[in-house]
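The values are calculated or read from the model by the stated rules, or taken from the named source; none is laboratory data. These numbers come from a predicted model, not from an experiment. Ideal geometry is used to build each Cβ from the backbone, glycine not excepted, and the neighbour counts take in all protein chains shown. Note: areas computed on protein heavy atoms with side chains; ligands, DNA, RNA excluded. Shrake-Rupley method; radii C 1.70, N 1.55, O 1.52, S 1.80 Å.
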Amino acid sequence: MNLFTLLRLALRVISRNKARAMLTVLGIVIGVAAVIAMVALGAGAQQNIAKQIASLGSNLIIIIPGTTNIAGVRGGGGSSTTVDVDDIDALRREVKSITHLAPANRQQVQIVAGDANWGTTVQGTTPAFYVVRDWRTDVGTEHSELDEAAHNKVCVLGKTVAAQLFGTDDPIDQWVRIKKVPFRVIGVLSSKGQSPMGQDQDDTVVIPFSVFRQRLAGTQRDQIQVAYAAALDADSSQAAVDEMTAVLRQRHHLRESADDDFSIRNLADMAAASREVADSMTLLLGSIAGVSLLVGGIGIMNTMLVSVTERTREIGIRLAVGAKSRDILVQFLVEAVVLSAFGGAIGVLVGWLVARLLNDATGWVTIFDPTVAALAFLVSGAVGVFFGFWPARRAAQLDPIDALRYE
Amino acid sequence: MSQVPVIDAENLQKVYGAGGTPVVALDHVTLQVHQGEFVAVVGASGSGKSTFMNLIGLLDRPTGGSLRLDGVDVAKLTPNQRATVRNRKVGFVFQGFNLLRRTSALENVELPLLYAGVSAHERAEAAKRALTQVGLGERMGHMPNELSGGQQQRVAIARALVNQPALLLADEPTGNLDSTTTREILKLFVDLNVNHGITVVMVTHENDVAAVSRRVVQFKDGRVVMDGPPPAEWTPAVPAPWHTAASAPTSEVA
Ligand SMILES: Nc1ncnc2c1ncn2[C@@H]1O[C@H](COP(=O)(O)OP(=O)(O)OP(=O)(O)O)[C@@H](O)[C@H]1O
Ligand SMILES: [Mg+2]
C-alpha cells in the first residue's frame, strides 16, 4: 500500500469518530500549544532583556554603595551611604582601565514650566554620563565641564518630560523650575525606553552634578547614590571591576574577612544573570512539554488499543485476503501518527493564537518561532510513532482465524 | 493423475479446546484435489466442513497431519508466505461474508488487490469487472449494510474472484441466494472452472447445488464418509459439460 492510500484510510477512520479523535489529541494540543506560546513569550522576554541591557551603554560598570547579598538585593538602610565624592575622585585618579566615571545622584521632584508641571526624577551627574550611558542628546547640547565649574543652572530633558511640559513645542532655551530654581533647557535626550526593571528611562531630567550638590542634595551633599563607569573595552571590564574594588576596599579600610560595603557590577554579570533566568525557563518549558506530550501520547496509545480491539474482525478480514502483518502494523501506526500530528498542528495554531492574544492583551513582546513550531510538530508525530507502536504491533500479531471469529 | 495435486491433505486433524474438553472437528482427513476439479463438500451441520475449508485456505493451522498446496508443505511457510498464498492463490468466500463495514462494495472487492500492490486505477477497474460478473454492477457504491444478504454474498464472491485465484474456496456461497441468483453464481463458477481452469471447492447443503459438481465429498463427524460423483437422483441446478447427455438439461453453459 502506498502512503497516499494509507493516509486516506487513516483519515477516513479518524473522521468516523471525530469526538473521540478530538479528546484523544487534547493532551498533545495542550502540550504543543503551551510550548509554542511559552517559547514565544520567552523569546520576547529575552529580546527585551538584551535590548535593555544594551540600552545601558556598552562596557558599562555600575557602582552602588551598600552591601549586597548573593541574590543581588541591596542591604539595609544605613549601609547605603558608603561611597562619597572623594571615593569617586580616587577612582578617577587611580583606576587606569576605565575611561569615564560619572557619579549620579537622583531625587524625585516636581518640575514646572509655565502652567505645566510634572513629577519626575532629577539626576545630577557629570558630562561623562552621556558617554558612559551612551545616551546622547537628540536636540540641543549636553552640559559641559564649564557648566559644572560655573554651577550653571542648565538642564537636559528626557523625552517623556519634554513631551509632558512642552508637547510639540521646541523646549530649547525655555525655562523650567526645579524646587523653585529656574533652569534653562539646553537639550533633549534621545529615547531609551524601559529599563531592565521596567521603568521609563526617559522620564528624567539631567542637571550638572555641582548644581545638584549645591541646590538639591541638602545634608547628603557628599554621598554618592550611584556611579557609572566605562571600561576601556569589553575585555578589560572585569579588570576594571577588580581594580575599583581594591581601591574602594582600601579607602574604606575593610579587613580581609569583611564583605564589600559597596557593589560593582558589569554588563557581563547582568547578561549572565539573564541567561541563567532564560536557562531555567527553558528547563521549565521542557518539562512542561515533556509531561504533556507524555500524557498526550498515553491518550493516543489508549485510543489505539481500543480501536484495535474494536476492529479485530476488520483486521481478520484484511489478513484473510492477503494482508501481511507488516501491512496491519503500518496501517495502525499511520493512524496513530496522523492523530498525533493532527494534534500537533492544532497545538501549533493554538499556541500561535495564545501568543498573539497575550501580546494584544498585556503588551508583552512574543516572538513566534517557525523552527520551534516545526520541531514541536515533528515531535508530536514522533509521539504518535512511539505510543502507537505497541497497539499497532498487537494488531499485527493477531491470527487470521482468531481475529475473524472475534465477537 | 500424475500431476501434483492442488490440495493434498494427509491425516489432517483439527482438535479445538486444548484447555477444556477437546472437540475433534477434523479426524484424520486424507483428501486430494487436482487442478481443474470442481468439488462439492457436503455434510451435516458441525461435521467439519468449514474447519476443513479454513485449513486449506491457510486461515487456520491443523493440529495434526500434513497439508500440501501445489506440492508445498504449508507447515514450512512463514506467516508472510502464507499471506501471499491467501492473497494470490486462493479466493475465499466465507460462510458469514466477512465484508468490511462502512466500506463500499467496490472498496471491499478492491481489498485483495490493495495488498497485491495493484495501482488504484487498475484496482477499481478489476473490482468493477468482478462486481459486474456477479451481477452487482449497479450497486458498487453501496455499503454492506445497505445491501441484502444475497447482495452481500455476491460482493464476497466478487472479492474472492478479483485476484484471479487458481483455487476458489467457497463456504456455502449460495446459502443466502434465491434460486435465480444461485443459478447465476453457479454458472459463473462452472465458467471459471471450465474456461479458466480454476479449481473450485464449494461447501453446500443443497443437493441440486452439489449436483453441479463433478465430485462430492461428504463429511460426517470430522471424517470423509463418501467421495465420488454426485448421486444420479440429484438434479443439477445448472448444467455443466461433464454431465452425461442423458441426465443433463439441454441448455448451454454461458
Ligand atoms: N473455534 C472453535 N472452538 C471450538 N469448537 C469449534 C470451533 N469451531 C468449530 N468448532 C466445532 O468443530 C466442529 C465443526 O465445525 P464446523 O464449523 O467445521 O462445522 P460445519 O460443517 O461448517 O457446520 P455448518 O454446516 O453448520 O457450517 C463443530 O462441532 C464445532 O462446534
Ligand atoms: Mg460451516
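Count the net charge of all other residues whose Cβ sits under 11 Å from the Cβ of B:LYS49, scoring Lys and Arg as +1 and Asp and Glu as -1.
Combined, the nearby Lys, Arg, Asp and Glu give -1.
For the protein assembly as shown, with every protein chain kept in place, what is the accessible area per residue (1.4 Å probe, Å²)?
Per-residue value: 47 Å².
Over the heavy atoms of A:TYR406, what accessible area does a 1.4 Å probe trace out, to the nearest 10 Å²?
Roughly 100 Å² of A:TYR406 is accessible to a 1.4 Å probe.
So what are segment A:104-231's ellipsoid semi-axes, whole angstrom, largest first, if each one is the square root of 5 times an eigenvalue of the alpha-carbon gyration tensor?
Taking √(5λ) for each eigenvalue gives 20, 17, 15 Å, largest first.
Relative contact order for chain B using alpha-carbon pairs under 8 Å, separation at least 6, rounded to a whole percent?
This gives 24 percent for chain B.
With the full set of protein chains in place, find how many percent of the accessible area of segment A:233-366 is carbon and sulfur; take the probe as 1.4 Å.
62 percent
Going by Cα centres, segment B:1-31 and segment B:56-124 are how many Å apart?
For segment B:1-31 versus segment B:56-124, the Cα centre distance is 20 Å.
Buried by at least 30 Å² relative to the chain on its own: which residues of segment A:293-322 qualify, computing accessible area with a 1.4 Å probe on protein heavy atoms?
A:ILE317, A:ARG318, A:ALA320, A:VAL321, A:GLY322
Using a cut-off of under 11 Å, list every residue of segment A:138-173 whose amide N is near the label point 7 Å from the Cα of A:ASN117 along the Cα-to-beta-carbon line.
none
So for the pair B:ARG101, A:ASP260, with labels modelled 7 Å out along Cα→Cβ, what separation do we get in nm?
Roughly 7.6 nm, to one decimal.
Rounded to the nearest 10 Å², what accessible area does B:LYS220 show when all protein chains are kept and the probe is 1.4 Å?
Accessible area, nearest 10 Å²: 120 Å².
Within straight cross-link reach of A:LYS159, meaning Cα distance under 30 Å, which lysines are found once same-chain residues fewer than 8 apart are removed?
Reachable lysines: A:LYS51, A:LYS179, A:LYS180, A:LYS192.
Compute the signed sum of charges (Lys and Arg +1, Asp and Glu -1) over the other residues within less than 14 Å, Cβ to Cβ, of B:LEU186.
In short, -2.
Between A:HIS151 and B:GLN164, what is the label-point separation in nm under the 7 Å Cα-to-beta-carbon projection?
11.4 nm
Would you mind counting up the charge near A:HIS253? Only other residues with Cβ under 15 Å from its Cβ, with Lys and Arg at +1 and Asp and Glu at -1.
Net of charged neighbours comes to -4.
May I ask you to list, by number, the DSSP H helices of chain A whose Cα span along the axis is at least 24 Å and whose average Kyte-Doolittle hydropathy reaches -1.0 or more?
Membrane-span-like by this rule: A:18-55, A:267-310, A:325-362, A:370-396.
Which residues, if any, in segment A:371-401 lose at least 10 square angstrom of accessible heavy-atom surface (probe 1.4 Å) when the other protein chains sit next to their chain rather than the chain being alone?
The answer is A:ASP399, A:PRO400, A:ILE401 - residues whose exposure falls by at least 10 Å² when every protein chain is included.
What is the calculated FRET efficiency for B:ASP73 to B:THR235, with r their C-beta to C-beta distance and R₀ = 35 Å, to the nearest 0.05?
Once rounded, the FRET efficiency stands at 0.30.
What nm distance separates the two modelled labels at A:ARG326 and A:ARG93, each placed 7 Å from Cα along Cα→Cβ?
8.7 nm
Counting only protein heavy atoms and a 1.4 Å probe, tell me what percentage of segment A:104-231's accessible area is made up of carbon and sulfur.
That share works out to 46 percent.
What's the buried accessible area, both sides, between B and A using a 1.4 Å probe, rounded to 100 Å²?
Answer for the B-A pair: about 2100 Å² buried.
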